[in-house]
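Only one structure is covered here, and it is reproduced in the block below.
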Amino acid sequence: MELSEVVVIGAGQAGLSSAYFLRRFGFEPVVLDAAEGAGGAWRHRSPSLTMDKVHGVFDLPGVPRRPDGDGRRPAAEAVPAYYAGYERETGLEVVRPVRVTAVRDTDLDAGRDAGDRLVVGTDAGEWAARAVVNATGTWTRPYWPYYPGAAAFAGRQLHYAHYRGPEEFAERRVVVVGGGAAAMHVLSELSGVAAWVTRRPPVFRDDDFGEEARREAVARVEERVRAGLPPQSVVSATGLGYSAVVREALAKGALNRLPMFDRITGHGVAWDGGASVEADTIIWATGFRSALDHLAPLRLREPGGGIRVDGTQVLREPRLQLVGYGPSASTIGANRAGRTAARNVRALLAARLAA
């Protein structure tokens, strides 16, 4: 077992931001990442999501992104290249690929040198840390809601996480489920949209959505996690701006929204009132959930189903910070969360040193 002051789990935007500020405060964190290379969730985006379609890529702290002028370059290439360069320029050493399996309190058998630490168990060994910053994001946990009849559907169903562009859906009748940016991306590219369905009517914004509006949206999501409720997506609070993909979907006439169907049939979807739509494919652009199964040994869940977090501080466990969770589960809040987490770690370790 290796000893460390701080372990950061995950090297996406939130994890790199946290590591950057921790180093600014004098720590040398161990950064663990499950992927083969840099880029976080961006590594897995569809090749058809090019940089001119991306809603926004926020600069990492300290090293601004240098635009290459090629808007047609896939984001799955451009953003990981930026992250890899960032790791080199800042000197951050990321240990990868390392999959974290469990975070637990210090075992009695760990020895007295382990002290009052959290043990981060992985497929490459264990680290005992005085503080842990969890930045595992959501991409590895696609949310796929259940509807009656799903098993009887004769066509193909897939989540947006596995969408790789429009070519494979040529001449197919596709139902797109979801009202966020992912659904807009799919709708902007497909020509065979049989139906677009959402649980709630999407809200489109025609304003600039500046910094103040962003802060307000983040604050609404933050209220839920402070109360111990499962976080809603930030886009549910922000609405959808008229981005490149939204404008393209509008131009194609693809944004004719239907209410959520009641069941899936063998050859499509149906509503209780008798309406139905035939389809060969259902694409579930229904978002993601936080990847936190490895934190289960700490028993952090509240009766409401979420983890109570104030800023990034887990209230049940002072040694743990959650970034990329709730209000920071988007590019809007990740950098600010990294700074907050690093400050909290500094305060915690200073207090323990003083004691």
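The values are calculated or read from the model by the stated rules, or taken from the named source; none is laboratory data. Quantities reported herein were computed from a predicted structural model and do not represent experimental measurements. Methodologically, a virtual Cβ is constructed for each residue, glycine included, from the backbone with ideal geometry; neighbour enumeration extends over all protein chains shown.
General remarks:
- Counted residues, the stretch 297-310 - those being within 19 Å of the chain's Cα centre (by Cα) and either buried (at least 20 other Cβ atoms within 10 Å of the Cβ) or modelled with pLDDT of 95 or more (or both): 3
- Long-range neighbours under 6 Å by Cβ, at least six apart or interchain, first residue without any contact (Cβ under 8 Å) to a residue 60 or more places away in the chain within the stretch 50-62, second of a type in the set (Phe, Trp, Tyr): GLY62/TYR20
- For the stretch 277-303, the set of residues classified as closer than 12 Å to VAL197 by Cα and hydroxyl-bearing (Ser, Thr, Tyr) consists of THR286 only.
- The set of residues in the stretch 227-256 being at pLDDT 90 or above, outside any loop (DSSP other than H, G, I, E, B) and buried (at least 17 other Cβ atoms within 10 Å of the Cβ) consists of VAL245, VAL246, ALA249.
- For PRO148, the conditions (1) within 16 Å of MET260 (Cβ to Cβ); (2) buried (at least 23 other Cβ atoms within 10 Å of the Cβ); (3) of a type outside the set (Val, Ile, Thr) all hold with the exception of (2).
- Restricting the stretch 206-222 to residues that are at pLDDT 70 or above and surrounded by 14 or more Cβ atoms within 10 Å (Cβ to Cβ), the residue that is farthest from GLU189 (Cα to Cα): GLU222
- Residue within the stretch 110-132 that is within 29 Å of GLY326 (Cα to Cα), of a type in the set (Gly, Ala, Ser) and outside the structural domain of PRO64 (by TED's automatic domain parsing) present: no
- Per-region count, the stretch 1-51, residues outside any loop (DSSP other than H, G, I, E, B) and small (Gly, Ala, Ser): 8
- When the stretch 265-283 is filtered for residues that are under 28 Å from the mean Cα position of the chain (by Cα) and crowded, with 21+ Cβ neighbours inside 10 Å, the ones remaining, listed by number, are ILE282, ILE283.
- Considering the stretch 327-355, and only residues there that are of a type in the set (A, V, I, L, M), in a loop (DSSP other than H, G, I, E, B) and closer than 11 Å to GLN13 by Cβ, the residue that is modelled with the lowest pLDDT turns out to be ILE332.
- Test for ASP68: is it surrounded by 16 or more Cβ atoms within 10 Å (Cβ to Cβ) and either of a type in the set (Asp, Glu) or modelled with pLDDT under 95 (or both): no
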